[in-house]
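Here the structure comes first, spelled out in structure tokens, and everything after it is commentary.
The values are calculated or read from the model by the stated rules, or taken from the named source; none is laboratory data. Since we're looking at a predicted model, the values are computed, not measured. Reconstructed Cβ throughout: ideal geometry from the backbone, glycine too, with neighbour counts over all protein chains shown.
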Amino acid sequence: MSDQAVTISRPSLQAWCRENAHFLTAAGLMLISALLLYVGIVAMGWRFYKEPVPWPRGVQVDKDCRLRSLPEEFTDRQGNKRFVIVKEDRDQDGRPDGEIVFVSDSLDLLKMATLTDKKRLPRRCSNWYFARIYEDVRGSPSRRRWRLDGYYYTGMLDQVPHVPERCTVAGGATLISSEDVTFNVPEVTGPWGKVVFRRALYSVYNQDDQRYTRRAEYYTFSVNGKPVSSWISVRWRLKLPWVKYAYFAKIQFAPLQEVGNIDETDRAAEEFVRCFLPKALETLPTPEDVERLGGAAKTAS
């Protein structure tokens with residue numbers, strides 16, 4: 001058998017283009033459309049990343065992104081002392097039990113004290129958190145205690161994953177209900193004067209008593225200074241392409257006692273909200289603050 005050279009003919013570039021004319025036309029149109037879309041987005045000032053919003057003057061945040069300027073005492077409308085941070089120091093660490101400091105693992109989970117935060121901290125536009133336990137000092141038999149948390153995120157498209165309906169269930173609790181509760185807060189004006197909190201009611205097994213108890217968590221969000229109770233709505237508003245500057249903050253609180261009558265718990269919760277909310281809002285930029293940053297740009301609304 002004699003060896004024969006095998007010749008493979010390859011089509012020329014011109015011939016290949018003729019054979020794939022439809023494909024090349026479609027690809028060209030897609031490229032032109034993408035370029036026009038990009039040019040249009042730039043021309044309209046749209047963006048899919050967000051610029052950070054600085055905290056208001058007077059807000060103090062430490063190097064670990066913990067808010068330090070929230071008052072340790074809240075008064076009622078008449079100026080009477082009503083709720084005070086728990087001062088006990090049972091573990092003798094030099095810090096009151098009512099001041100909760102997150103360890104590095106928790107900070108990582110919450111996306112706090114990141115490298116980006118460390119860079120933004122001197123410009124007063126990092127993320128921050130606080131977590132405290134306050135006690136009603138009216139001298140009632142129960143001396144009801146509340147845990148109060150706040151989380152501030154800015155300059156990011158966080159997916160708002162940390163809500164009680166997810167976290168408590170992930171921790172082994174059974175969700176009973178999740179619904180909106182409206183609180184009247186005449187101590188503040190505007191949309192926060194009648195604010196909607198989401199209430200998650202759940203059941204958790206108590207190892208000490210070896211029985212199930214009912215607990216409740218209340219939370220709402222501030223998106224560029226406006227109240228929003230739905231985390232899905234928060235996610236949607238943060239993605240609006242014409243919003244240049246954006247932040248969201250979650251305000252969450254919970255009674256540390258077992259929940260009996262839910263209506264009674266809601267009434268006590270409203271009293272707590274009326275005392276802490278005016279001070280909590282002072283730590284957050286207002287819609288006007290965000291509007292000034294963006295100039296003529298629209299805010300999330």
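Do we have Glu73 as in contact with a Lys or Arg (Cβ under 9 Å, 6 or more places away or on another chain), of a type outside the set (A, V, I, L, M, F, W, C) and under 25 Å from Arg274 (Cβ atoms) here?
yes
Within the range 238-296, the set of residues being under 17 Å from Arg145 (Cβ atoms) and among the polar types (S, T, N, Q) comprises Gln252, Gln257, Thr265. If you go through the range 91-109 and keep only what is crowded, with 17+ Cβ neighbours inside 10 Å and either part of a helix (DSSP H, G or I) or in contact with a His (Cβ under 9 Å, 6 or more places away or on another chain) (or both), you end up with just Leu107.
Checked against (1) in a strand (DSSP E or B); (2) surrounded by 21 or more Cβ atoms within 10 Å (Cβ to Cβ), Lys250 passes all but a single condition, namely (2). Among the residues of the range 155-177, those that are under 18 Å from the mean Cα position of the chain (by Cα) and at pLDDT 80 or above comprise Gly155, Val163, Pro164, Glu165, Arg166, Cys167, Thr168. Where strands (runs of 3 or more DSSP E) fall wholly inside the range 128-235, no range has 3 or more residues that are surrounded by 15 or more Cβ atoms within 10 Å (Cβ to Cβ), in contact with a Pro (Cβ under 7 Å, 6 or more places away or on another chain) and outside the structural domain of Leu281 (by TED's automatic domain parsing).
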